[in-house]
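Trainee: Shown below is the structure under consideration.
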Amino acid sequence: MTPAEQSIRAAEICLLAPVVPVLVIDDVSKAQGLAKALITGGLPALEVTLRTAGALEAIRAMADVEGGVVGAGTLLTPADVKAAKAAGAKFGVSPGATQKLLDACAEYELPLLPGAATASEVMALLEQGYTVQKFFPAEAAGGAPMLKSIGGPIPQVRFCPTGGVSLKNANDYLSLPNVMCVGGSWVAPAAMVAAGDWAGITALAAEAAKLS
């Protein structure tokens, strides 16, 4: 799968909803309930970060939930890519990009949202064919003003900003022409997940799904 083909698929996923939930799942038994709650609320694209021991099992569980598109976040190595693909991930997200990681995504045919935080990083990925990228860490890297500035000279790249994005500032990003969606964890608060408050999470997802 070429970088251009990956970007086409990544764009399709990014356009499913204005927000991609960024999920850190400690308790795998909560995975399917969480996925159902978010999908019911109108957020079908889900990013499960590989930051917990049960992340891959969570991806396997969530991949079976109807209507969802589950991806793996925090991809750092080729081994991460291979494991994520085997677990059923339909896309990958990385905080940055290395050639080994990009090569692995091509080999295992896993559409990647590669991370970039500077104009040079954006240009380097664009040179390889990645026209859809993750802007990370969004707020720390300059926020919406930085992304707007990048969009001036490099309008052909579109982004999913993640990192410090919340309900309060999501529209600052979504109003930019080079932003397709945002990634955020606010739609799945840890306390609500632990309590199994699926109705509450569905309400948060529905609120996020109305953003534009």
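The values are calculated or read from the model by the stated rules, or taken from the named source; none is laboratory data. Note that the coordinates shown come from a computational prediction; the quantities given were computed from them, not determined experimentally. Cβ atoms come from the backbone with ideal geometry, glycine included; neighbour counts cover every protein chain shown.
Trainee: Pick from Ala144, Ala119: which is touching a helix residue (DSSP H, G or I) at 6+ places or on another chain (Cβ under 7 Å), farther than 18 Å from Ser94 by Cα and among the small types (Gly, Ala, Ser)?
Mentor: Working: Ala119 fails: farther than 18 Å from Ser94 by Cα.
Only one candidate passes the filter, namely Ala144.
Trainee: Now a separate question. How many residues does segment 176-196 hold that are loosely packed, with under 15 Cβ neighbours inside 10 Å and either under 19 Å from the mean Cα position of the chain (by Cα) or in contact (Cβ under 8 Å) with a residue 60 or more places away in the chain (or both)?
Mentor: Of the residues in that region, 4 qualify.
Trainee: Based on this model, can you work out whether Asp80 counts as farther than 16 Å from Lys134 by Cα, surrounded by 17 or more Cβ atoms within 10 Å (Cβ to Cβ) and not hydrophobic (A, V, I, L, M, F, W, C)?
Mentor: yes
Trainee: Another one. Which fully enclosed helices (runs of 4 or more DSSP H) of segment 94-212 have 1 or more residues being within 24 Å of Thr74 (Cβ to Cβ) and in contact with a strand residue (DSSP E or B) (Cβ under 7 Å, 6 or more places away or on another chain)?
Mentor: The helices (runs of 4 or more DSSP H) meeting that bar are 99-107, 119-128, 143-151, 170-174, 198-209.
Trainee: Next up: Would segment 117-124 turn up any residue that is among the β-branched types (Val, Ile, Thr), over 15 Å from the mean Cα position of the chain (by Cα), under 19 Å from Arg51 (Cβ atoms) and at pLDDT 95 or above?
Mentor: No, segment 117-124 contains no residue that is among the β-branched types (Val, Ile, Thr), over 15 Å from the mean Cα position of the chain (by Cα), under 19 Å from Arg51 (Cβ atoms) and at pLDDT 95 or above.
Trainee: Looking only at segment 74-115, count every residue that is of a type in the set (Gly, Ala, Ser), closer than 30 Å to Thr40 by Cβ and touching a residue at least 60 places away in the same chain (Cβ under 8 Å) and tell me the total. Even if it seems obvious, please write down each step before you answer.
Mentor: Narrowing segment 74-115 to residues of a type in the set (Gly, Ala, Ser): 79, 83-84, 86-89, 92, 94, 96-97, 104, 106, 115.
With closer than 30 Å to Thr40 by Cβ added as a condition, the list becomes 83-84, 86-89, 92, 94, 115.
With touching a residue at least 60 places away in the same chain (Cβ under 8 Å) added as a condition, the list becomes none.
Residues flagged as of a type in the set (Gly, Ala, Ser), closer than 30 Å to Thr40 by Cβ and touching a residue at least 60 places away in the same chain (Cβ under 8 Å) within segment 74-115 amount to 0.
Trainee: Let me ask you something else. Based on this model, can you work out whether Leu56 counts as assigned to a helix (DSSP H, G or I), in contact with a helix residue (DSSP H, G or I) (Cβ under 9 Å, 6 or more places away or on another chain) and farther than 16 Å from Met1 by Cβ?
Mentor: Against the criterion (assigned to a helix (DSSP H, G or I), in contact with a helix residue (DSSP H, G or I) (Cβ under 9 Å, 6 or more places away or on another chain) and farther than 16 Å from Met1 by Cβ), Leu56 qualifies.
Trainee: Kindly establish whether Ala89 is more than 28 Å from Pro145 (Cβ to Cβ), at pLDDT 95 or above and part of a helix (DSSP H, G or I).
Mentor: It is false that Ala89 is more than 28 Å from Pro145 (Cβ to Cβ), at pLDDT 95 or above and part of a helix (DSSP H, G or I).
Yes or no, residue by residue, for (1) hydroxyl-bearing (Ser, Thr, Tyr); (2) touching a residue at least 24 places away in the same chain (Cβ under 8 Å); (3) buried (at least 23 other Cβ atoms within 10 Å of the Cβ); (4) farther than 30 Å from Glu127 by Cβ:
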residue: Val19; (1), (2), (3), (4): no, yes, yes, no
residue: Ile25; (1), (2), (3), (4): no, yes, yes, yes
residue: Gln32; (1), (2), (3), (4): no, yes, no, yes
residue: Ala35; (1), (2), (3), (4): no, yes, yes, yes
residue: Gly42; (1), (2), (3), (4): no, yes, no, yes
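Trainee: Would you confirm whether any residue within segment 61-71 is within 21 Å of Leu204 (Cβ to Cβ), in a loop (DSSP other than H, G, I, E, B) and of a type in the set (Val, Ile, Thr)?
Mentor: yes
Trainee: Here's something else I'd like to know. Kindly list the number of the only condition in (1) under 23 Å from Val165 (Cα atoms); (2) at pLDDT 95 or above that fails for Asp26.
Mentor: (2) is the only condition that Asp26 fails.
Trainee: Find the residue count for segment 1-17, including only residues that are in a loop (DSSP other than H, G, I, E, B) and either crowded, with 24+ Cβ neighbours inside 10 Å or within 14 Å of the chain's Cα centre (by Cα) (or both). Break it down stepwise before answering.
Mentor: Taking segment 1-17 as the starting set, the residues that turn out to be in a loop (DSSP other than H, G, I, E, B) are 1-2, 15-17.
Checking which are either crowded, with 24+ Cβ neighbours inside 10 Å or within 14 Å of the chain's Cα centre (by Cα) (or both) leaves us with 15-17.
Of the residues in that region, 3 qualify.
Trainee: May I pose another question? Keeping to segment 124-141, report how many residues are in contact with a helix residue (DSSP H, G or I) (Cβ under 6 Å, 6 or more places away or on another chain) and crowded, with 21+ Cβ neighbours inside 10 Å.
Mentor: Kept after step one, since they are in contact with a helix residue (DSSP H, G or I) (Cβ under 6 Å, 6 or more places away or on another chain), are these residues of segment 124-141: 128-133, 135.
Adding the requirement that they be crowded, with 21+ Cβ neighbours inside 10 Å leaves 130, 132-133, 135.
Residues in segment 124-141 being in contact with a helix residue (DSSP H, G or I) (Cβ under 6 Å, 6 or more places away or on another chain) and crowded, with 21+ Cβ neighbours inside 10 Å: 4 in total.
Trainee: Confirm whether Ser120 is among the hydroxyl-bearing types (Ser, Thr, Tyr), closer than 23 Å to Asn178 by Cα and touching a Gly at 6+ places or on another chain (Cβ under 7 Å). Before you say what the answer is, go through the steps one by one.
Mentor: On the way: among the hydroxyl-bearing types (Ser, Thr, Tyr): yes; closer than 23 Å to Asn178 by Cα: yes; touching a Gly at 6+ places or on another chain (Cβ under 7 Å): no.
Against the criterion (among the hydroxyl-bearing types (Ser, Thr, Tyr), closer than 23 Å to Asn178 by Cα and touching a Gly at 6+ places or on another chain (Cβ under 7 Å)), Ser120 does not qualify.
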